[in-house]
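The values are calculated or read from the model by the stated rules, or taken from the named source; none is laboratory data. Because the structure is a prediction, the values reported are computed rather than measured. All Cβ positions, even for glycine, are placed from backbone atoms using ideal geometry, and neighbour counts span all protein chains on display. Note: accessible area is taken over every heavy atom of the protein model, side chains too, but ligands, DNA and RNA are not part of it. Shrake-Rupley method; radii C 1.70, N 1.55, O 1.52, S 1.80 Å.
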Amino acid sequence: MNGAEGLVRTALAAGVEVCFANPGTTEMALVAALDAVEGMRAVLGLFEGVCTGAADGYARMADKPALTLTHLGPGFANGIANLHNARRARSPIVNVIGDQATWHLAADAPLTSDIISLARPVSAWVREVKTASSLAADTAEAIAASGHTPGHVSTLIVPSDCLWSTASGPTNPLPVRAHSRVTDDVIRRTAATLQKGGAKTVMFLGAQAMRSRGVAAAGRIASKTGCRLVCETFPSRIERGAGRPAVEKLPYFPEQALEMLSKYEAIVLAGALAPVAFFGYPNLPSSLIPEGCRTETLATPERDTIAALEALADEIGSPAEADSGSKLNRPPRPSGRLDSATVGAAIAAMMPENCIVMDEAATTGLPFFAASAGAPPHTYLALTGGAIGQGLPCATGAAVACPDRKVIAFQADGSGMYTLQALWTQAREGLDVTTIICNNRRYRILQVELARAGVTEPGHKARSLTSLANPEIEWSTIAAGLGVPAVRVETAEALCTQLERALGERGPNLIEMLI
Ligand SMILES: Cc1ncc(C[n+]2csc(CCOP(=O)(O)OP(=O)(O)O)c2C)c(N)n1
């Protein structure tokens, strides 16, 4: 057995079943090993940002890592932006980067680069493999280091001779470190804060607190104490909809977030860090906690937040069967112009039960979250790290993880252009993804930010740098060329008709909305 086969068998033994790959010459032994060993699904992405974004979407839904396979420094570098998003989502991922043969590194051949310096900022764990005989053990360590949820990005840099040389064989999985529990003292202190503060308290949810059991326990706490439930502006994954407690999002702009939180005397952090503004603006603070508002940490993201929330709900005496769920309440099918309100209402009116919505719809997406609070139960994923180009890959990976669930990729046009190759992967793999493109032909958020910066009459260059109108991008033509059937709509009625059709079919399809 060679090192590559040992790597694949070790990964399979640890439950890792999917490899999102864009290989090159240095990874050929690994490509061959994927055939030699049964069981690892190999998914080709035509740009490395598709592979890493798909691994993020997969991890968020499967709660375990996939492998990414990329080619030396330049290939890996193409995937870094979505690894940044994955790091912010706390997704477990194991990157395998092929490198030059150990003895060829010194020759400084054209593709040779300082891979470890590229890997470090997006990886919690990095190792340069030294020998074929250590590769299986290194792989097991990388998987264990990534493995617990919320998870981490691990990166293995593997010289090609370590892949092709003879090795002893696979290694058994290593134990994944358990979450540390929140102490009884902290539970009691938080209970006192909530009981005293009541409706003057916000519980701010992140990470595991947004999973089914987390939101259920948060709902019990809110129904007993009257506290308001608010989640991070860009949740990695939240379970929501009818039957689940209503959780609002913290607004994006700092003025609005500060205004929302200014009504409260205490903020309890459950799986979330204290909120900060996305950017620094003149005369606005970094922290979104208003002055005089107390912060209390129930659990940081890496703690066992679900157990802490359940213990807290018991501590305050909220019955386990407390009915804190939202009622089924969809907006009516909208009509008229396509704008953010009608688009949000149309998706909320039509989305099927148990679907997964990946929201990278940027400014067009804003009303959707509130509009869908009473839609049938669903999973919502957001762009966690602000590096745009994550939506289409992440939806692709979510569909690989959950083949029985409909995935909706609600996607802004400018952001979508970064990683549109994901559509080809969806077509090739037959993934059940309906992509809804918001073609507003501009970087609208940047136009908003220009106005916020006081530029009331943007000049030619500022207009040009924020416009996608010349030439106009035809998403339906691009999608068809990548193997995804597509239609164009210009009214809310047509959107509803096409959504009904698209969501009723299986396999990838795309609706381009001219907004
Ligand atoms: C990787 C990366 N590059 C650039 C940016 C800066 N940026 C933020 S939003 C944006 C444009 C968003 O436009 P679009 O996706 O069309 O959404 P809209 O604002 O029109 O709703 C850009 C370029 C970024 N956040 N991430």
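Can you run the Rg to Rh ratio on the chain? Use alpha carbon positions and the Kirkwood inverse-distance Rh. Let's see the in-between values first.
On the way: Rg = 23.5 Å, Rh = 23.9 Å.
With Rg and the Kirkwood Rh in hand, the quotient comes to 0.98.
Karplus couplings for segment 98-103 from phi (6.51 cos²θ - 1.76 cosθ + 1.60, θ = phi - 60°), rounded to Hz, Gly and Pro as x?
Once rounded to whole Hz, the list reads x, 10, 4, 3, 3, 7.
Per the Cauchy relation, a quarter of the hull surface: what is the mean projected area of the convex hull of the alpha carbons in segment 343-401, in nm²?
On the way: hull surface 16.3 nm².
Averaged projected hull area, Cα only: 4.1 nm².
Between Glu505 and Asp184, what's the calculated FRET efficiency when r is the beta-carbon distance and R0 is 41 Å? Round to 0.05. Walk me through the numbers before you get to the answer.
Details: r = 52 Å, r/R0 = 1.27.
So the FRET efficiency works out to roughly 0.20.
Only four residue types carry charge here, +1 at the Cβ of Lys and Arg and -1 at the Cβ of Asp and Glu. Report the dipole size of segment 299-368 about the Cα centre in Debye, rounded to the nearest 20.
Details: 5 positive and 11 negative charges, 132 e Å.
Using Cβ point charges on Lys, Arg, Asp and Glu, segment 299-368 gives about 640 debye.
Take the solvent-accessible surface of the protein heavy atoms, probe 1.4 Å, and return the percent of it on segment 217-371 that carbon and sulfur atoms account for.
Working: 3410 of 6550 Å².
Here it works out to 52 percent.
Charges only on Cβ, +1 for Lys and Arg, -1 for Asp and Glu: so what's the dipole of segment 382-515 about the Cα centre, in debye to the nearest 20? Intermediate results must be reported in sequence, preceding the final value.
On the way: 12 positive and 13 negative charges, 61 e Å.
Roughly 300 debye for segment 382-515.
Just to check I understand the Karplus step: with θ = phi - 60° and J = 6.51 cos²θ - 1.76 cosθ + 1.60, what whole-Hz values come out for segment 301-307, glycine and proline as x?
Result, ordered by residue: x, 7, 7, 7, 5, 5, 4 Hz.
Could you look at segment 82-147 and say what percent of its accessible area is carbon and sulfur, using a 1.4 Å probe and all protein chains? Write down the numbers at each step before the final one.
Values: 1460 of 2720 Å².
Carbon and sulfur: 54 percent of the exposed surface of segment 82-147.
Could you tell me which residue out of Gly151, Ala132, Asn95 lies farthest along the dipole of segment 93-154 toward its positive end? Charges go on the beta carbon: Lys and Arg +1, Asp and Glu -1, centred on the Cα centre.
Among Gly151, Ala132, Asn95, the one farthest towards the positive end of the dipole of segment 93-154 is Gly151.
Suppose every K and R has +1 on its Cβ and every D and E has -1 on its Cβ; what is the size of the dipole of the chain about the Cα centre, in Debye to the nearest 20? Kindly include the intermediate steps, with their values, before the conclusion.
Values: 44 positive and 49 negative charges, 244 e Å.
The dipole of the chain has a size of about 1180 debye.
If the reach is capped at under 28 angstrom between alpha carbons, list the lysines near Lys249, excluding any in the same chain fewer than eight residues apart.
Candidates past the 8-residue exclusion: Lys64, Lys196, Lys200, Lys224, Lys263, Lys327, Lys406.
Among Ala106, Gln390, Thr68, which residue has its Cα furthest toward the positive end of the charge dipole of the chain, with +1 on Lys/Arg Cβ and -1 on Asp/Glu Cβ?
With unit charges placed on the Cβ atoms, the residue in question is Gln390.
Which shape class, rounded, prolate or oblate, goes with segment 199-267 when its Cα gyration tensor gives a ≥ b ≥ c as root eigenvalues, a/c under 1.5 marks rounded, and past that a/b bigger than b/c marks prolate? Let's see the in-between values first.
Values: a/c = 2.19, a/b = 1.25, b/c = 1.75.
Verdict is oblate for segment 199-267.
Put +1 on the Cβ of every Lys and Arg and -1 on every Asp and Glu Cβ in segment 168-296; which of Thr193, Gly219, Leu269 then has its Cα farthest towards the positive end of the dipole?
The Cα lying farthest towards the positive end belongs to Gly219.
Exposed loop sites here are trypsin sites (Lys or Arg not before Pro) in DSSP loop states with at most 11 other C-beta atoms within 10 Å. What is the longest stretch of the chain lacking them?
Working: sites that count: Arg177, Lys327, Arg506.
Formally, the longest exposed-site-free interval is 328-505.
Go through 361-368, 136-143, 433-440 and give me the packing order, highest mean Cβ count within 10 Å leading.
On the way: 361-368: 21.8, 136-143: 24.4, 433-440: 26.2.
Those peptides, ordered most packed to least, come out 433-440, 136-143, 361-368.
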